[in-house]
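Below: one structure, written as structure tokens.
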Amino acid sequence: QGTASLVADSVTVDAAGRLIAEGNVEAFYDGSRLSAARIVYDQAADRLSIDGPIFLQGPDGEIVTAERAELDPRLENGLLRGARLVLERQLQLTAGRIDRIDGRYSALTRTAATACQVCDGRAPLWEIRAAQVVHDEVERQLYFENATFLIRGVPVLWIPAMRLPDPTVERATGLLVPRIRTTDRLGLGIKLPYFVTLGPSRDLTLTPYLSRETTSVEARYREAWLSGEIEATGAVSRDSLRPGEVRGYLFADGEWRLAPGRTLTFGLEASSDPDYLTDYGISDRDRLTSFVGYAAVTADSLAEAHLAYHRTFREDEVDGALPPWEGRAAYERRMAAFGGTLTFGGAAEALLRTTDGTGDLARDVARAGAFAGWQRQAILPAGFVLSGGGSVELGFYRIADDPAFDRTVTRVTPAVQATLRWPLIARGTGGTAHLLEPLLAVAWSTNRGGAVPNEDSAVVEFDEGNLDALTRYPGEDAREDGARVAVGLSYTLIAADGTELGLTAGRIYRAEADTGFDLASGLNGLSSDWLLSARLDLPLGITARARTVFDDDLEFDKTEARLAWASPTVDLSATYVYLPVARSEGREESIAEWTVDGRWQVTPSWSLAAEGRYDLSDARPVTAGFGVGWRNECVEVDVSISRSYTSGEEQDPTTDFGLEVSLLGFSAEGVGAVPPGRCRN
Amino acid sequence: QTNLNLGSIDADPSLPVEVTAESLSVDQQTGEARFSGNVVIGQGDLRLAAAEVIVVYSEASGEIARLRASGGVTFVTPTEAAEAQAADYDLTAGTLTLTGEVLLTQGANALSANRMVVNLTTGTAQLDGQVRTVLAPQGTP
Amino acid sequence: CGFTPVYAPGGPGEVLRGQVAYATPATPAGYRLRARLEDRLGRNEGAPLGLTVTLEIADEATAIGADGAQTRFTLLGRAPWRLESRPDGAVIAEGVADAFTAYSATGSTVATEAAARDARDRLAVILADQIVTRLLALSPDLAAR
């Protein structure tokens, strides 16, 4: 038991042995601090009677002010009159009387609780008046009895009994802030999330979603271990869009770090029907993938494996022909050898189509392959960097259900490559660095063996990431044949003030055209399209990136540009994408689209947010959204409207209105975001 | 533990006083006796020690009326102990005034102040100037 | 106009080539990034310079077709890096490489899976090249250190 100590300007002891302290009186006990105008300590009755203004600060920061009080010297039990309890400097509870019990409970009678600024003569923006409020310091909960919720002094809601977490709580079971959601298809609805903590590392959120058109329950379960975590979200619904049907979805994913560099992951995506995900605004995904994956990575080796099952909601596709089942396991190792680097490894892949019959829609393919490559670098006079080497790849295919191909095929692909770089540097005025780097990459390879279906290399990209690569094909089924030369030039400017500009241009010339490349990739023909990629960073938080592929008569193919501006108050990102028709990639019509996504904190209270996606080729918006946010020290209001114009046959466009009002001051997040203004009187 | 009468000193001014000291000098005109060098004054259970004590005798009764101790005073009774730079013990008025870094301890309680006036007959006390009290809670096990 | 080869004899490149040890994330993209750094700056475990790179990759559906089909994905890559002297660990230079790659999701599931993996590997190559370029631009100051 600690001792209580008392400091004052003057102390008198009267005949009855009572000690009377006056003038700047302060009492300290075990972390609590009390200051008052006058304290009388009656040793016989073991009582402090205190005259205000009293200021009592508890060990973990809660503050009580009162006019008069009767307490024990340990400041744990007793009664305060005309008191105000302030929690975490944010939530204020004023009461006619506070009874402190065992240093744990504060029972407040005739209470008003608010987190808003209290000015004389004006009711706070919101407050909760209650006959009694008990604050449990150990459980950190506030129990209201016979409470009324008032806005600007006007009673709005009466609640017989209510429990709210006090501001020091980060995580507690209980109701979360309800959200109102209005959509064309599901009407005006309300979501009432209820959060349940199941121990320190698990929780469950159940959210009934009720509207004129649907009754559904959404659930989210999360669990974390020391070396992994799992999250599952799902819902079950009965609605008027598909009467008599039980609809729903389940998404789950998890990751476990078995050892440093070794992770096991899994993902599950299932939905009762194609439109459920967009009807309920859950996700835009139109292909669902469930998979199990494993990766083991060290400084010089990589092992990857995954097995996946796919389903499609796209109108022009059938699950069985996707292929639904596909799996892959691959290993690669790098090591120093003969003054250079030896890279070798192997891979096994398989895909299974469940549609019966033969041909493209029924074919099953299994492949096992191995490869080895060696390359070495040398610095030539005048600063040229030459790296050269060769590689060979073997592939064994088993192809079923497709008469167009032999049942088993063996392929060998030898290749040689030499790359020459010549990095040049110049120092400009003021510490600006210029870097120029010409590039010449010569490669030759040939394909010996039978024809195989091109399953994994149908979609090809051309960018500065594979300008100097041996092949642009992403997979193993297709191989570039014959001799080709890639030429490139990259220029970089780095200024002292942080401004940076990067430009890369390149082109590939071939001895013979490679029929495998589609027009859109820009790689077809004897000479590919020009590749141009640009990068700009400006010190005031602006970053721009762009990449395009265009042919000699300046006809643009794949083009993508991104702009981002991040500053303390503005967060803006804009993208532009143009994709030409690419039949071999399955794109029947060209796409030109720009998107904007921005948030502007106009004032510490007001914030604006907007996002939009506009389809230039069809000259119509795809999605648009706008949001206004207002918050002060005790309330946050977010109004949002978003409209998605995508219209499949049955889906007509949907508009979502969202209104969310959350009271700050209960539970830790959102505490003290905006400082209260001054009282205007 | 008896109920300590916090802040008051348990002493009876009417008891006889003996004074021992290394040296004594008497001033005929003022009737004051100056004891110096490890002066110890005893009165009942009370012991007062100081570097120098001036004893003032009342003209009427010739008895000791007042003791003014200085140069660091300590005060001990069976229940309390006190220290101060100087003390003025007025036996006729029954008051004891301690001045200068006064520190009084009673059992587990302690009081400190710049100045303390104790009325021994009524048991009241008045402390002023940065008063600091440390109270042991009552009824602690 | 003042351009001199970085790797000319006695040039600043010597302070970099084969003088850097790498610490990259233990992920497939981290492996590719390290392989590219080794291909371009050489490999030496006991090197006097240490380059630590972390990697953040996010993917985003870029083009949503009229029928709601997600036909294009973009991988956004950020690679904060830090060059330290070894063994004391004093930071010599740091920065953030930032780039994107993309892949189409119009092909079969196998083609899309391979395209996504290839986009991830190309992103690692582009980020590594950006870091190498910044180090080459720094080499005169490194040589003068």
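The values are calculated or read from the model by the stated rules, or taken from the named source; none is laboratory data. Please read these numbers as outputs of a predicted model, since none were measured by experiment. Because the Cβ atoms are built from the backbone with ideal geometry, glycine has one as well, and the counts that use them run over all protein chains shown. Ligands, DNA and RNA are stripped out before the accessible areas are found, and what is left, the full protein with its side chains, is counted by its heavy atoms. Shrake-Rupley method; radii C 1.70, N 1.55, O 1.52, S 1.80 Å.
Any chance you could count how many residues in the stretch A:364-387 are buried (at least 16 other Cβ atoms within 10 Å of the Cβ) and more than 42 Å from the chain's Cα centre (by Cα)?
Residues meeting the conditions: 3.
Assess whether A:Leu71 counts as being open to solvent by less than 40 Å² (accessible area, probe 1.4 Å), over 53 Å from the mean Cα position of the chain (by Cα) and within 14 Å of chain B (Cβ to nearest Cβ).
Working: open to solvent by less than 40 Å² (accessible area, probe 1.4 Å): yes; over 53 Å from the mean Cα position of the chain (by Cα): no; within 14 Å of chain B (Cβ to nearest Cβ): yes.
So A:Leu71 does not fit the description; no.
Do any strands (runs of 3 or more DSSP E) lying entirely in the stretch C:39-145 carry at least 2 residues that are within 27 Å of A:Leu277 (Cβ to Cβ), and which ones are they?
So the answer is C:56-64, C:70-85, C:91-104.
Can you pull out every residue in the stretch A:539-558 that is within 14 Å of chain C (Cβ to nearest Cβ) and either farther than 15 Å from C:Ala99 by Cα or outside any strand (DSSP E or B) (or both)? Spell out how you get there, then give the answer.
Here is the first cut: in the stretch A:539-558, the ones within 14 Å of chain C (Cβ to nearest Cβ) are A:539, A:541-549, A:557-558.
Residues satisfying the conditions are A:Pro539, A:Gly541, A:Val549, A:Asp557, A:Lys558.
Residue check: is A:Arg81 under 44 Å from the mean Cα position of the chain (by Cα) and open to solvent by 30 Å² or more (accessible area, probe 1.4 Å)?
Numbers: under 44 Å from the mean Cα position of the chain (by Cα): no; open to solvent by 30 Å² or more (accessible area, probe 1.4 Å): yes.
It is false that A:Arg81 is under 44 Å from the mean Cα position of the chain (by Cα) and open to solvent by 30 Å² or more (accessible area, probe 1.4 Å).
Residue by residue, here is whether (1) at the interface with another protein chain (Cβ under 7 Å from one of its Cβ atoms); (2) acidic (Asp, Glu) holds:
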residue	(1), (2)
C:Phe73	no, no
C:Asp98	yes, yes
C:Ala102	yes, no
C:Asp121	no, yes
C:Val125	yes, no
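Looking only at the stretch A:239-277, count every residue that is of a type in the set (Ser, Thr, Tyr) and either open to solvent by 50 Å² or more (accessible area, probe 1.4 Å) or assigned to a loop (DSSP other than H, G, I, E, B) (or both) and tell me the total.
Of the residues in that region, 2 qualify.
Consider the stretch C:4-32. How many of its residues are under 12 Å from A:Gly383 (Cα atoms), open to solvent by 50 Å² or more (accessible area, probe 1.4 Å) and facing another protein chain (nearest Cβ under 7 Å)?
1
Which one of these is at pLDDT 90 or above and either surrounded by fewer than 23 Cβ atoms within 10 Å (Cβ to Cβ) or within 19 Å of A:Ala561 (Cα to Cα) (or both): A:Ala513, A:Ala495, A:Ala520?
Working: A:Ala513 fails: at pLDDT 90 or above; A:Ala520 fails: at pLDDT 90 or above.
Among A:Ala513, A:Ala495, A:Ala520, only A:Ala495 is at pLDDT 90 or above and either surrounded by fewer than 23 Cβ atoms within 10 Å (Cβ to Cβ) or within 19 Å of A:Ala561 (Cα to Cα) (or both).
Within the stretch C:93-110, identify whether any single residue is open to solvent by 40 Å² or more (accessible area, probe 1.4 Å) and either touching a Phe, Trp or Tyr at 6+ places or on another chain (Cβ under 8 Å) or more than 27 Å from A:Gly261 (Cβ to Cβ) (or both), and answer yes or no.
Step one: filter the stretch C:93-110 for residues open to solvent by 40 Å² or more (accessible area, probe 1.4 Å), giving C:94, C:96, C:98.
The next check asks that each one be either touching a Phe, Trp or Tyr at 6+ places or on another chain (Cβ under 8 Å) or more than 27 Å from A:Gly261 (Cβ to Cβ) (or both); those that pass are C:94, C:96.
Yes, some residue in the stretch C:93-110 is open to solvent by 40 Å² or more (accessible area, probe 1.4 Å) and either touching a Phe, Trp or Tyr at 6+ places or on another chain (Cβ under 8 Å) or more than 27 Å from A:Gly261 (Cβ to Cβ) (or both).
Which of the residues spanning the stretch A:281-328 are among the polar types (S, T, N, Q) and open to solvent by 40 Å² or more (accessible area, probe 1.4 Å)?
Across the stretch A:281-328, the qualifying residue is only A:Thr298.
On the given criteria, is A:Arg333 among the basic types (Lys, Arg) and either under 27 Å from the mean Cα position of the chain (by Cα) or more than 21 Å from A:Asp364 (Cβ to Cβ) (or both)? Step through it out loud before you land on a result.
On the way: among the basic types (Lys, Arg): yes; either under 27 Å from the mean Cα position of the chain (by Cα) or more than 21 Å from A:Asp364 (Cβ to Cβ) (or both): yes.
Against the criterion (among the basic types (Lys, Arg) and either under 27 Å from the mean Cα position of the chain (by Cα) or more than 21 Å from A:Asp364 (Cβ to Cβ) (or both)), A:Arg333 qualifies.
Checking C:Leu83 against (1) touching a residue at least 24 places away in the same chain (Cβ under 8 Å); (2) within 7 Å of another protein chain (Cβ to nearest Cβ), which single condition isn't satisfied?
Every condition holds for C:Leu83 apart from (2).
May I ask you to list the residues in the stretch A:598-649 that are of a type in the set (A, V, I, L, M, F, W, C), without any contact (Cβ under 8 Å) to a residue 24 or more places away in the chain and either under 17 Å from A:Leu572 (Cα atoms) or assigned to a strand (DSSP E or B) (or both)?
Hits for the stretch A:598-649 are A:Leu608, A:Ala610, A:Ala624, A:Phe626, A:Val628, A:Val639, A:Ile641.
So the check is Cβ under 6 Å with 6+ separation or different chains; which pairs have a first residue in the stretch B:114-132 that's facing chain A (nearest Cβ under 9 Å) and a second one that's modelled with pLDDT under 85 and open to solvent by 20 Å² or more (accessible area, probe 1.4 Å)?
Here the result reads B:Thr122/A:Ala15; B:Gly123/A:Ala15; B:Gly123/B:Asn5; B:Thr124/A:Asp14; B:Thr124/A:Ala15, each pair linking the stretch B:114-132 to a residue that is modelled with pLDDT under 85 and open to solvent by 20 Å² or more (accessible area, probe 1.4 Å).
How many residues are of a type in the set (S, T, N, Q) and at the interface with chain B (Cβ under 7 Å from one of its Cβ atoms) if we restrict to the stretch A:1-45?
6
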